[in-house]
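Where a number appears in this text, it was derived from the coordinates with a stated rule and is not lab data. In this text the structure is predicted, and so the values were computed from the model without any measurement. Every residue, glycine among them, receives a Cβ derived from its backbone with ideal geometry; neighbour counts consider all protein chains shown.
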Amino acid sequence: MKKRRETTIQLLACSVAVLIVVSGCIGQEEEKTTEPTITAAPEGPVSGGAYIEAMADDVQFLDPTRTSTRASIYVTRTIYDSLVVYGDDMSIQPSLAESWTVSDDGLQYVFNLRKDAKFHCGEPFTSEAVKYTIDKIMDPDEHSPIAYLYQEIENVEIPDDYTVVINMKAPNALLLENIAHYNFGLIVCPKCSEQYGEDFGVTAACGTGPFKFESRVPGSKLTVVRNEEYTWGPSCRSNTGPPYLDSITWRIIPEEATRLIELEAGNIDLARDISPESLAELVEAKGVNPLLYKPLNNWWYCFRIKDGSERSPLTADINVRKAVDYAIDKEGIIKSFMPGAILADSWLHPSVWGYDAKIKDYVRSYDPEKAKEVLEEAGWTDTNGDGTRDKDGRELILKCMTLPTTTWQNICTKTQYDLSQVGIGMDIEVYDSASFFSLATKGNWDIYLMNYRFSNADILYYQFHSSQAPAPNRIPWEDEETDRILAITRSSTDSQERLDSYFWVQKMAVENCLTANLFYEKGIYGVSDNLHIPSVHDSEELDSYIGIWKEPSTSHTIVLSACLAGICFILGANLMGCSVLDLLSRFK
Amino acid sequence: MRMKKYILKRLLWIVPLIFLVQTLLFLLLTVIPGDIAVLIATPNAPPETIEALREELGLERPLIVQYIDYVTSVFRGDLGKSFIFRLPVSEILVGRLINSLELVTVGMMIAVVAGIPLGVIAAIKRDSLYDRFICTGVLFGISVPLFFIELMTILIFGLYLGWFPVSQRGGPIWTVEGLRHIILPALCLASICLAMIVRLTRSSMLDVLSEDYILTARSKGLKERVVIVTHALKNALIPVVTVIGLQYGFLFGNTVVTEVIFDWPGIGRLTYESIIMRDFPLIRGAVLCIALVFIVINLLVDLIYLRLDPRIEYD
Amino acid sequence: MDEKPLLEVKNLSVNFYIRHGVVNAVTDASFKIRKNEILGLVGESGCGKSVTALSILRLLLEPPAKIMGGRILYKGEDLLEKTEKEIREIRGKEISMIFQNPLSSLNPVLTIGFQVSEPIILHQNLKNDEEVKRRTVEILRQMGIPEAEKRLKEYPHAFSGGMRQRTMIAMALSCNPSLLIADEPTTSLDVTIQLQILKLMRNLRRDVGSSILLITHDFGVAAQLCDTIAVMYAGETVEYGSAVDVLKDPKHPYTKCLLRSIPRIDVDIERLEPIKGSVPNAMNLPDGCRFHPRCPYMIEDTCEKIKPEARQLTEGRLVRCHLYGR
Amino acid sequence: MQKREILDFFTKNRSMSVGISILLIYLIAAIFAPLLSPHDPYEQNLDVRLSGPSREYPFGTDQFGRCVFSRILYGARISITIGIAAVLFGLIIGSGLGIIAGYRGGLTDLVLMRLMDVLMSIPALILALAVVAALGRSIPNMILAIGINALPLFARLSRSSVLSIRTMEYIEASEAIGTNSFNIIRYHVFKNCFSPLLIFSTLHTASAILMAAALSFLGLGVPPPTAEWGLMTAEARVYLRQAPYLVIFPSMVILVLVLGFNLIGDRLRDMLDPKLRF
């Protein structure tokens, strides 16, 4: 009798706990629905509102001449201005430089600067600042990470306050694009840079940009506020005057699940670095929608040809490389892990100057049977019947390197399965980014997954020119013919000739199967409904936030009484858990 | 006085310990492949840029020179500048350390405030229905993986019910915003050490209740409540206090997962990220901070233990 | 002579319900103590004498222990009927108790002064501290503790075994109880200290006038101190009488064997006669007379079957054995 | 403790049998995984991707369409081996050091214990993190990382039990009759350390498994596509909303296994550690 009484008490206690929790939820639910509906959305841009954005990695620091990490670029684009910027159609548009002329032999560039721009510290913007910035980047003791972009510049002359002359050692047709691209062309204020020295960009930053640096808590938050006197915005942007937003705050949230939840809870307005897997979730969530943009983000598997420091690669044999290219199910990856991505047929994104549709007929498509044939012909047969092919004693098990992020691992796991269907084994080794790149340069691997964003065709130079051998040309592909053609792409002034040489390089890469190009990724932002972004063009700029504006929104009110219900919940779960266990352990 | 000598002896021991911790850390860091220069420079940067960056960060100097500078600089009080943020390490650490201490303290307070009464009641009502509830609940508590509790809390509280924010720190705990932000991570941390405290209070209370002096106290005609509070509790809490101290140290060292999931800007997460980024000065600073907190807590625990239990002399 | 006894225990029986079964620790214990008298409750360890003592003050933990029957009359009232609140009034004030192991009977983390003054504050409701302190120091000095004033702040671990036992006695007698129960007070002390404690307890009767229930397994101690002796075996009182009668002329076979197995100075016996067999297990006691398996004078088919009653031989002289009750 | 008494205490005690049965179920699942699992754990099938628990897939499918139930069965092998191997590593080396330190005393004791202090003062997860980052992600490295954390705990435990009996007369007696220190350690010292070490290693296996899961969760565990519970939870984090069961099932499985070890550890402590038996 005593036993039965105890079990009834237990069940009673559990039901009470559940009741409390359920009532807590219901109470909360009603409150939400009775919230006043948001007033009708105003048509034109409304100025005001603090804009909060969440990113995965932290900003390094804010001196454009000394940092080049992606996260830092988002912030420096708002604090500094560049001479020229990309228009929506990826054409070069004027910004701080009103106009510019290029000499016929491509050795001299003359920029005429705007006269109304001013630095945040009040100093007027003159050509002296441009010379100071470029000299600082090229100065060897500064160890600037972006010095390699300006290798060809001889020197910079400033005849008067508002004209800048750049003389080149060798012609480089891509100089303007390099300046426009990301933060390489941003101009720093000489006075502040000298004044703060080492701490410039760390504790203070001064440029001509639409926002001024305000505060920073390393590893968690960074805030910039509106620059009221800003009237010299680039003409191609929708708003050239002071930005609509009062301030921008970047919050560092490494965990993607948490970023999404903060977005849906309304604590942030925009979430960057959303992986494609969460696209479905963003679509159904209330009050939030995904904003898809096409960054020039090319995913590819890079093959190793030459011997590494300790290991000779299996992919030295071209047939293995071709078989791998045939065996990878690119559509399958796109369908499951990369919704919205488009199949890559060559190195260059269709919207990048230098892309040529003719490359399509050289590209290999998914054909496992063909892959098996190629392997059979090359003598890779499965002699010991263990499921993977081998040849004169060496098992065909590729060593693949990847990063720990979920999307990277998913793609590699999918490829591993695809390759196993045609008898090629693959061991996946996960390294965090610091060791990934240095090990990749050492070369003791067969294949590694890589994704890189580059807005002009110059990427081919870095990937295939022998001068770039240990890195970033990690294949490494050393071939005079390719070097000669690549030199033309940079030096010649005739655009058709550059187009043909770009095409030649891409065809060479596909024929020698140096890489297995997968797809161009569709970038995803999670954006809350009350945010309006005029345009996001391919180089992932949010046109430096000038055009973005926010509707006045009612922030979510969260009932404080929920604390009690919360604790009841944990107690309830505990009681339920242990009564189940107790009943379980009571049986004889 | 004996106590001061004892504390001095313990504090003196910290100097060699820091030296040993640093050496072990330095060995580990030299073995880890890859370095920060590769990370800061874009993947497309040629090797010269990476060499230049290594030069600037002083990674090119021979290992011995780096080691000596690495170890002695702590005693000079200069923890150096973080490779990534280029801010002095001490500036970054102070804020992050306070955040972590705040989170762990609130978590531990919840666990203690809930744990000790539960343990005492379970001991008094031994083998009753209530006692068996608590025991199975405790087994449940110590077996569940922490990240599971946290993910579920985020899913249920953060997402479906939306009662509490699940990320960032809203400010100090005396502000409403600060409280709202700390409640979920603190509850999760509390849930794992709550079970431990309840179990320990119960067993030490049972030990004490079976002692002879409790019988003497009862034979004096004292009320049961008085016997429990003045006589039994004081004795039972001595071992509990030591374990709470050790638990605090254990919890403080293991907040990495909680801080990563709840995006709490604590020192655990800072260590994790700095190891991923190979930012040596930051790693060294963070690990030293955690080690120092560990030592201070253990010393405090021993002092409280001595203070509570008169029988033990300061050996 | 037959004025009402201070404490009378009649047919007390106590069981313990533990996981392995039921232990009947005490089956039929009866004895009485008159005012200003010292009764010795003697028996081997495990015969239930401590349980009897604890059940007088109802100090047994209810869940495992349960008092099955019998009555404990103290000044005419049955202590078993009293409520928790009433019994607490009696503990420390009317009846108080000291225990066997002084090392663990004092709370290690509370000062001596505090522990001794607790019953004083509780029962004699002396409110101001000065009054309490004076009374504590006085009772401690009375028990022979040197510089009592200075010792109040010290902790039990600073005291020796004998000193702690004196403190225990001081604590017990601080409210002038009329009955002191001493559960083997001298067993864990060495002989010289034992003598001092025994002398102290003898003086108690003279100065304070309280009667004492002394529980021991050592006949020597009982002989020195007690007026009357009750012998217990396997949960039952088998013999009761004045100390002289029981020691000089033991009636019950168990008492005889016990006395015979103790070495004596005046008589030189080559070999001591141990009692054959061993103490019965309290979980399944033999039926009939509990001692019959070990009894040299066992009568066929009466001792095994019939449970002997406690018979009155002469005034104040009882024995539970078939030999005397034909 | 005679055999009989352990046996009867063992059978009569319910929670010990619950613990043992949990462990047995897991061992059977690990050993007979190929027979029991309905599907090949590595076989991908993208059309049934992320589908909920159904008759065909008892625990639903993950982002590659692999059957979660069979992956959990195969995962049992890895998780249990990591847990037990890490504890064995800690037990053998840790208690070895502890016994030597305790028995020898003097300088060796001081040096060894100070070394253990150093290991203790670096938090467990950070130490594991550094070891895995240094040696790369693989099962042996994980075992090493978790084992190193267990080292100081075992050393301290075995040292304290050695010290407690070091001063006992029977040790001096056997020294007096000339037995060399190795035999003394082998017979007397080890016997005495046996029960606390047994209890501690059972309980520590539980926390070793939890640590392995935490390491995988931080992306420092085994490389994909291995079927390991911690990795499965880590990968499923992104699908927390779409497919919460992907996180719930592996975590529940970890919970029940750790519960089993805790149950056994507790009852062992009650049985073998006289001080606590009541």
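Quick one: angle between helix B:47-57 and the longest Cα principal axis of chain B, in degrees between 0 and 90, rounded to 10, please. Computed tilt is about 60 degrees.
The lysine pair count for chain B, using Cα distances under 30 Å and pairs eight or more places apart or on different chains, is 8.
Shown in residue order for the range D:172-188 are the 3J(HN,Hα) couplings computed by the Karplus curve 6.51 cos²θ - 1.76 cosθ + 1.60 at θ = phi - 60°: 4, 4, 5, 5, 4, 7, x, 5, 6, 4, 5, 5, 4, 4, 4, 7, 5 Hz (x for Gly and Pro).
Between the helical axis of B:280-308 and the longest alpha-carbon principal axis of chain B there is an angle of about 20 degrees. Checking every one of the trypsin sites (Lys or Arg not before Pro) in the range C:12-96 against DSSP loop status and a limit of 12 other Cβ atoms within 10 Å picks out C:19.
Would you mind checking the pairs C:75/C:199; A:131/A:221; A:286/A:522; C:10/C:93 and listing those with alpha carbons more than 30 angstrom apart?
A:131/A:221
Distance from the Cα centroid of the range B:26-71 to that of the range B:203-245 is 59 Å (rounded to whole angstrom). Shielding value for B:22-34 is 5, the average number of Cβ atoms from other chains within 10 Å of each residue's Cβ. Roughly how many whole Å is it from the C-alpha centroid of the range A:260-326 to that of the range C:55-97? The two parts, judged by their Cα centres, are 80 Å apart. Expressed to the nearest 5 percent, the antiparallel share of DSSP beta bridges inside the protein assembly as shown is 70 percent.
In terms of its C-alpha gyration tensor, chain B comes out oblate, because a/c is 1.5 or above while a/b does not outweigh b/c.
Taking one quarter of the surface of the C-alpha convex hull of the protein assembly as shown gives a mean projected area of 69.1 nm². Placing a pseudo-label 7 Å from each Cα along the Cα-to-Cβ vector at residue C:313 and residue B:130 gives an inter-label distance of 5.4 nm. When you filter the trypsin sites (Lys or Arg not before Pro) in the range B:258-315 for DSSP loop state and at most 14 other Cβ atoms inside 10 Å of their Cβ, you are left with B:311. Counting other Cβ atoms within 10 Å as a rough exposure proxy, the listed residues B:3, C:232 run B:3, C:232 from fewest neighbours to most. Among the trypsin sites (Lys or Arg not before Pro) in the range C:146-198, those placed in a DSSP loop whose Cβ has at most 12 other Cβ atoms within 10 Å are C:153. Counting lysine pairs in the range A:326-408 that sit 8 or more residues apart in sequence, or on different chains, and whose Cα atoms lie under 27 Å apart gives 18.
Ranked by Cβ crowding within 10 angstrom, fewest neighbours first, how are D:164, A:433 ordered?
D:164, A:433
Peptide A:216-229 shows a mean partner chain C-beta count of 3 within 10 Å per residue C-beta. Database remark: amide H of residue C:233 closer than 5 angstrom to the amide H of C:238 (H placed geometrically; neighbours at sequence offset of 5 or more, or on other chains; Pro and chain starts carry no H).
For the range D:160-209, the Kirkwood hydrodynamic radius from C-alpha pairs, put into Stokes-Einstein at 37 °C and a viscosity of 0.692 mPa s, yields a diffusion coefficient of 273 µm² per second. Taking only the Cα atoms of chain C, the radius of gyration and Dmax are 20.7, 69 Å. In order along the range A:68-78, phi translates into HN-Hα couplings of 9, 6, 4, 4, 5, 5, 3, 7, 4, 4, 8 Hz, rounded to whole numbers, per the Karplus curve 6.51 cos²θ - 1.76 cosθ + 1.60 with θ = phi - 60° and x for Gly and Pro.
Here the Karplus relation 6.51 cos²θ - 1.76 cosθ + 1.60, evaluated at θ = phi - 60°, turns the backbone of the range D:109-120 into coupling constants of 4, 4, 4, 4, 5, 5, 4, 4, 4, 4, 4, 5 Hz, with x for every Gly and Pro. Taking 51 Å as R0, compute the FRET efficiency from the Cβ-Cβ separation of residue C:18 and residue D:35 and round it to 0.05. It comes to 0.65. Between residue C:75 and residue B:73, the C-beta separation translates, for a Förster distance of 60 Å, into a calculated FRET efficiency of about 0.15.
The residues A:438, A:278, B:82, when put in order of fewest to most other Cβ atoms within 10 Å, stand as A:438, A:278, B:82.
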